[in-house]
Amino acid sequence: MDATDMDVEDQPQSSSISFKRFGLKNYVQTNFGDDYVFQIVPKNDWTSMAVSLSTNAVKLYSPVTGQYYGECKGHSETINHIAFSGPSNPNVLHSCSSDGTIRAWDTRTLQQVSLISAGSSQEIFSFSFGGSTDNLLSAGCKSQILFWDWRNKKQVACLEESHVDDVTQVHFVPNHKNKLVSASVDGLICIFDTDGDINDDDHLESVINVETSIGKLGFFGESYQKLWCLTHIETLSIWDWRDARSEANFSDARLLASNSWSQDHVDYFVDCHYSGEGERLWVVGGTNEGSLGYFPVNYKEGGGIGSAEAVLEGGHTGVVRSVLAMIEDIKSGAEQSQGIFGWTGGEDGRLSCWLSDHSSDTNRSWISSELVVKSPKTRKKNRLQPY
C-alpha cells in the first residue's frame with residue numbers, strides 16, 4: 001500500500017491571506033481496479049465509520065486507528081445513501097440502493113437484519129428517519145416520496161404529486177421531527193408536515209424553486225432553520241426553510257471559489273461544512289486531479305465566497321466524492337481524535353486520512369493492504385458513472 005506524508009503548515013497566497021495546508025497521514029486503496037468511494041459516514045460515538053463503494057458493498061473502519069472491520073454485502077445495484085441509526089440503535093447501519101431496497105445491518109456481525117422493498121422498478125436515492133417516535137421512514141424515489149412504519153415495515157403513505165422527477169434528497173429536520181424536506185432533479189425543495197395521515201394536499205407546507213437539478217442539501221444554524229443547497233451544475237444557494245426565503249444565491253460559485261484560490265480551478269463541489277462556533281459555513285470544492293479546498297461562505301450582507309482556509313492535496317488522483325471532517329473549527333485546526341482532520345474518498349478508490357497537527361506518528365503505516373482489497377476474481381469490470 002502506498003503512503004504519502006506531508007507536514008501541516010501555513011502557506012502564503014498571492015492575496016496575502018494564509019490558509020492551512022493539511023498533511024496526508026496515509027491512504028487506503030479500498031479495492032483493486034477503478035471502483036469508487038461514494039460516501040463516508042461516522043457512527044454517533046465515532047468508534048467506526050462506514051464507506052459505501054461502487055462494488056455495491058459497505059466497508060467499516062475505525063476513523064481513529066484506521067483498523068478495517070469488514071464489509072456488508074447484499075445490494076445488487078448502486079448504493080445511493082448510507083447512515084448510522086440513532087443512539088437507541090448505535091450498531092445499526094442503514095443503506096438504500098437503486099435496487100429498490102432499504103437495508104439495515106448489524107455492524108458487529110456485518111449481517112443484514114432488516115429489509116424494506118419499494119419494488120424492483122423503483123430506485124431509492126435517499127432516506128431519513130423521523131416522526132414523533134423516530135420510526136417513520138421516508139424515502140426519495142423516482143418521482144415519489146414513500147413512507148413506512150419501521151417497526152412493522154408497513155407502507156403508510158406515498159406522495160406522488162409534489163415532484164415530477166427523481167427525488168434525490170429527503171431529510172427530516174433536526175429538532176423538528178415532523179418536518180420533512182425533499183429535493184429533486186425537478187429543481188424543487190418541498191417542506192412537509194408529517195403529522196397525521198400524510199398526503200400531498202394537506203401536508204405540503206411550502207415549495208422552494210431552485211430552478212435547477214438539486215444534488216445535495218443540509219441544515220445549519222442554531223435551530224437548524226437554514227438550508228444550504230448544492231446543484232448538479234455546481235451552484236450554491238442558502239435558504240430559510242421556515243418561510244421559504246432566499247438568503248443568498250451563488251450561481252457562479254465555482255468561479256468565485258476559483259478566483260479566491262490561486263492553486264487550481266475548482267471543478268466541482270463535494271459538500272458543505274458548518275461550525276456552530278461563530279456560525280461559520282464552508283463549501284468544499286475540488287479539482288478533477290483530487291485537490292480540495294474549504295471555502296468560507298458569507299451568506300449575509302451581500303454574500304461572497306472567500307479564500308480557502310484549508311487545503312487538502314496529494315491524497316487523491318481523481319474526483320473526490322465524500323468528505324468526513326472530524327474537527328469543529330477548520331480555521332483554528334482544533335485537535336480532535338489524535339490530531340486527525342478527517343477522511344476523504346473518491347473515484348480513485350482511495351480513502352485518505354488527513355492530519356491537523358504535527359503528530360509524532362506520521363511515518364507509521366496504519367492498514368495492511370491484505371485487509372481491505374477484494375479478490376481479483378470478483379473485481380467489477382465496468383466503471384460506474386456518477387449519478
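When the strands (runs of 3 or more DSSP E) confined to segment 71-111 are screened for residues that are hydroxyl-bearing (Ser, Thr, Tyr), those reaching at least 1 such residues are found at 92-97, 101-106.
Residues are listed down the side, and each one gets a yes or a no for (1) touching a residue at least 12 places away in the same chain (Cβ under 8 Å); (2) of a type in the set (Lys, Arg); (3) at negative phi:
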residue: 108; (1), (2), (3): yes, yes, yes
residue: 119; (1), (2), (3): yes, no, no
residue: 129; (1), (2), (3): yes, no, yes
residue: 135; (1), (2), (3): yes, no, yes
residue: 138; (1), (2), (3): yes, no, yes
residue: 147; (1), (2), (3): yes, no, yes
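When you scan segment 313-335, do you find a residue that is in a strand (DSSP E or B), at pLDDT 95 or above, under 18 Å from residue 354 (Cα atoms) and hydroxyl-bearing (Ser, Thr, Tyr), even just one? Scanning segment 313-335 turns up at least one residue that is in a strand (DSSP E or B), at pLDDT 95 or above, under 18 Å from residue 354 (Cα atoms) and hydroxyl-bearing (Ser, Thr, Tyr). Only residues that are of a type outside the set (Val, Ile, Thr) and either surrounded by fewer than 18 Cβ atoms within 10 Å (Cβ to Cβ) or over 21 Å from residue 40 (Cβ atoms) (or both) were counted across segment 275-307, and they come to 17.
Of note, residue 196 does not satisfy the criterion of being part of a strand (DSSP E or B) and small (Gly, Ala, Ser). In the set (1) part of a strand (DSSP E or B); (2) crowded, with 21+ Cβ neighbours inside 10 Å, residue 124 fails one condition alone, (1). The residue list 43, 25, 73 contains one member that is modelled with pLDDT of 65 or more and crowded, with 22+ Cβ neighbours inside 10 Å, which is 25.
What number of residues within segment 102-121 satisfy the criterion of being crowded, with 21+ Cβ neighbours inside 10 Å and touching a His at 6+ places or on another chain (Cβ under 9 Å)?
Residues that pass the stated criteria total 3.
The listed residues are 170, 266, and the only one of them that is of a type outside the set (Asp, Glu), touching a Gly at 6+ places or on another chain (Cβ under 9 Å), crowded, with 22+ Cβ neighbours inside 10 Å and assigned to a loop (DSSP other than H, G, I, E, B) turns out to be 266. Here is the figure for segment 189-223: residues that are farther than 21 Å from residue 147 by Cβ, within 21 Å of the chain's Cα centre (by Cα) and at pLDDT 95 or above total 7. For segment 234-248, name all the residues that are out of contact with any helix residue (DSSP H, G or I) (no Cβ under 7 Å at 6 or more places or on another chain) and not in a strand (DSSP E or B). Residues satisfying the conditions are 241, 242, 243, 244.
Counting only residues that are at pLDDT 95 or above, under 18 Å from the mean Cα position of the chain (by Cα) and not hydrophobic (A, V, I, L, M, F, W, C), segment 171-188 holds 3 of them.
Condition (residue is among the small types (Gly, Ala, Ser), within 23 Å of residue 187 (Cα to Cα) and surrounded by fewer than 21 Cβ atoms within 10 Å (Cβ to Cβ)) applied to segment 143-154: is it met by at least one residue? Yes. In the set 182, 138, only one residue is closer than 20 Å to residue 89 by Cα, out of contact with any Asp or Glu (no Cβ under 9 Å at 6 or more places or on another chain), of a type in the set (Ser, Thr, Tyr) and not in a loop (DSSP other than H, G, I, E, B); that residue is 138.
The values are calculated or read from the model by the stated rules, or taken from the named source; none is laboratory data. Everything quoted here is computed from the prediction, not taken from an experiment. Backbone-built Cβ (ideal geometry, glycine too); neighbour counts: all protein chains shown.
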